[in-house]
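The values are calculated or read from the model by the stated rules, or taken from the named source; none is laboratory data. All values derive from a computational prediction rather than experimental measurement. Don't worry about glycine lacking a Cβ; one is built from the backbone with ideal geometry, like all the others, and counts go over all protein chains shown. Protein only, heavy atoms only, side chains kept; ligands, DNA and RNA dropped before computing areas. Shrake-Rupley method; radii C 1.70, N 1.55, O 1.52, S 1.80 Å.
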Amino acid sequence: MGDMIVDEWLRYADNDLRVAHILSDHPPLQVEIICYHCQQASEKALKAFLLFSGCEPPKTHSLESLVRLCGEVADGFDDIVADCEYLNPYSVTPRYPFGLEIVGEDAAAAVQRCERIIGFIRNRIV
């Protein structure tokens, strides 16, 4: 049962990243939504790792809190702290007008950082 739950969280993370890729490839570039989906994918991947580790993930959108919790149960999470900090502001603000000024380069960076986070976590869930 536990593996199924972890797999489902990772499937949702992959879906959010897939949407970010699709939006990146189809103009007009919707940078806010791309960044939002990257944050969401990263959040779900971090929660999958916590579940894999036997921890119930908190109900939070804070990647900084989640990566800190992951680091308490496993080594190496310092490698993705900067990526989590970069994506953290995209959890809520981009969904509403006038929240953040985001440009095309931010969307590309968000996708890259999200891919790094998901890859990092997938390498630790065995």
Worksheet entry | CD proxy at 222 nm, helix term only [per DSSP H run n ≥ 4: -39500 (n - 2.57); per residue of the chain; nearest 500] | -22000 deg cm²/dmol
Worksheet item: What size of dipole, in debye to the nearest 20, comes out for the chain about its Cα centre when the only charges are +1 on Lys and Arg C-beta atoms and -1 on Asp and Glu C-beta atoms?
Response: 260 debye
Practice prompt. Run the 1.4 Å probe and let me know the accessible area of Phe120, rounded to the nearest 10 Å².
Written response: 20 Å²
Worksheet, complete the sentence: Result for the chain: accessible area per residue, probe 1.4 angstrom, in square angstrom, of 55 Å²
Worksheet, complete the sentence: Subtracting the Cα-Cα distance of Cys55 and Val126 from 0.36 nm times their residue separation yields 23.9 nm
Response to the item:
FRET efficiency (Glu105, Arg18; Cβ distance; R0 25 Å; to 0.05) is 0.75
Response to the item:
Given trypsin sites (Lys or Arg not before Pro), DSSP loops and at most 15 other Cβ atoms within 10 Å, the longest exposed-site-free stretch of the chain is 60-123
Fill in: Solvent exposure, largest accessible area first (probe 1.4 Å, DNA, RNA and ligands not counted), of Glu56, Glu8
Glu56, Glu8
Worksheet item: For the chain, modelled as a GNM with alpha-carbon contacts under 10 angstrom, which of Gly71, Gly54, Gly104 fluctuates the most?
Response: Gly54
Worksheet item: Per residue, what volume in Å³ does the convex hull of the Cα atoms of the chain enclose?
Response: 93 Å³
